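What follows is a single structure, written as C-alpha cells, with notes after it.
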Amino acid sequence: MATAFTLRDATPADVDVVLSLIRALARYEKLEHEVVATPELIRDALFSDPPRAHGVIADAGGRAVGFAIWFYNFSTFVGRPGLYLEDLYVEPAFRKLGIGRAFLKYLAARAAREGCGRLEWAVLNWNEPAIKFYEQLGSVAMNDWHVRRLSGESLKALAAA
C-alpha cells in the first residue's frame, strides 16, 4: 500500500526537524562527525532576509520524513542562475514512494519557471542506489570535474594569508 505524502516549504517551526533530518543524512553518509550545524545556524540560513538557502519538507503520516535543501548559484557560461541541491534525504522506511522524485520534480519546475539554466547536485561515489536513481531521471555525471573544498583551518589560513 502506498503512503500518501505532501511537499511543503520549510517554516521556522521546522528548524529542529530539519536539523534532525540533516543528522540522519549524515549518519547514512557516514559523516555524522562533520555536523556542526545548530538550530540557530539553520534558522539564520533558511529564514534570514534574504535567505541563504531554502528548504522543502516531505510530510507523510503526520510527520516530516524527508527534506531537500537548495540555494541559487550562477553559471557564467550559461549566463543564468541555477539551483544547487545541497541535500536530499528521505527516511529509509519512506523510500521508493516517489518522494525523492517529487523533490527533484519540484526543484526542476522551479528552476524552469524562474529561467534557471541548471539544476545541479553532488552524490557520493559509493552511493550506487542514488546514482542509479539520478540516472533514471536523466541526469548526467560531470566526470571531468572534481569538487574542491576549503574549510576549517585551511579556509582560515588562506583568508589570513
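The values are calculated or read from the model by the stated rules, or taken from the named source; none is laboratory data. In this text the structure is predicted, and so the values were computed from the model without any measurement. Neighbour counts run over all protein chains shown; Cβ positions are idealised from the backbone, glycine included.
To keep it simple, each residue is scored yes or no on (1) more than 20 Å from residue 108 (Cα to Cα); (2) in contact with a helix residue (DSSP H, G or I) (Cβ under 7 Å, 6 or more places away or on another chain); (3) assigned to a helix (DSSP H, G or I).
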{"position": "20", "(1), (2), (3)": "yes, no, yes"}
{"position": "42", "(1), (2), (3)": "yes, yes, yes"}
{"position": "50", "(1), (2), (3)": "yes, no, no"}
{"position": "68", "(1), (2), (3)": "no, yes, no"}
{"position": "86", "(1), (2), (3)": "no, no, no"}
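Hey, can you tell me all the residues within region 3-18 that are more than 14 Å from residue 66 (Cβ to Cβ), of a type in the set (Gly, Ala, Ser) and in a loop (DSSP other than H, G, I, E, B)? The answer is none; no residue qualifies. Looking across region 133-161, just one residue is in a helix (DSSP H, G or I), polar (S, T, N, Q) and surrounded by 10 or more Cβ atoms within 10 Å (Cβ to Cβ), and that is 154.
For beta carbons closer than 8 Å, sequence separation of 6+ or different chains, a first residue in region 149-161 that is under 23 Å from residue 35 (Cα atoms) and a second that is at pLDDT below 95, the qualifying pairs are 158/150. In this entry, residue 38 is excluded by the filter for residues that are more than 19 Å from residue 129 (Cβ to Cβ), free of Cβ contacts under 8 Å to residues at least 12 places away in the same chain and β-branched (Val, Ile, Thr). Would you check if there is a residue in region 81-99 being modelled with pLDDT under 95 and on the phi > 0 side of the Ramachandran plot? Yes: region 81-99 contains one or more residues that are modelled with pLDDT under 95 and on the phi > 0 side of the Ramachandran plot. For region 73-85, the tally of residues that are surrounded by 15 or more Cβ atoms within 10 Å (Cβ to Cβ) and out of contact with any Lys or Arg (no Cβ under 9 Å at 6 or more places or on another chain) stands at 1.
Sort out which residues of region 112-131 are among the charged types (D, E, K, R) and free of Cβ contacts under 8 Å to residues at least 24 places away in the same chain, and write them in order of number. Within region 112-131, 113, 128 qualify.
In region 43-55, the count of residues that are buried (at least 18 other Cβ atoms within 10 Å of the Cβ), of a type outside the set (A, V, I, L, M) and either under 24 Å from residue 131 (Cβ atoms) or touching a Phe, Trp or Tyr at 6+ places or on another chain (Cβ under 8 Å) (or both) is one or more.
Checking the condition within 23 Å of residue 109 (Cβ to Cβ) and under 15 Å from the mean Cα position of the chain (by Cα), which residue from 4, 24, 37, 10 passes?
Matching residue, one of 4, 24, 37, 10: 10.
The number of residues in region 88-132 being assigned to a loop (DSSP other than H, G, I, E, B), among the aliphatic types (A, V, I, L, M) and under 16 Å from residue 6 (Cβ atoms) comes to 1.
The rows are residues; the columns are (1) among the charged types (D, E, K, R); (2) within 13 Å of the chain's Cα centre (by Cα); (3) under 30 Å from residue 13 (Cα atoms).
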site	(1), (2), (3)
59	yes, no, yes
67	no, yes, yes
70	no, yes, yes
91	yes, no, yes
96	yes, no, yes
112	no, no, yes
144	yes, no, no
147	no, no, no
161	no, no, no
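Considering 18, 36, 90, the condition of being closer than 22 Å to residue 152 by Cα and either β-branched (Val, Ile, Thr) or buried (at least 17 other Cβ atoms within 10 Å of the Cβ) (or both) is satisfied by 36 alone.
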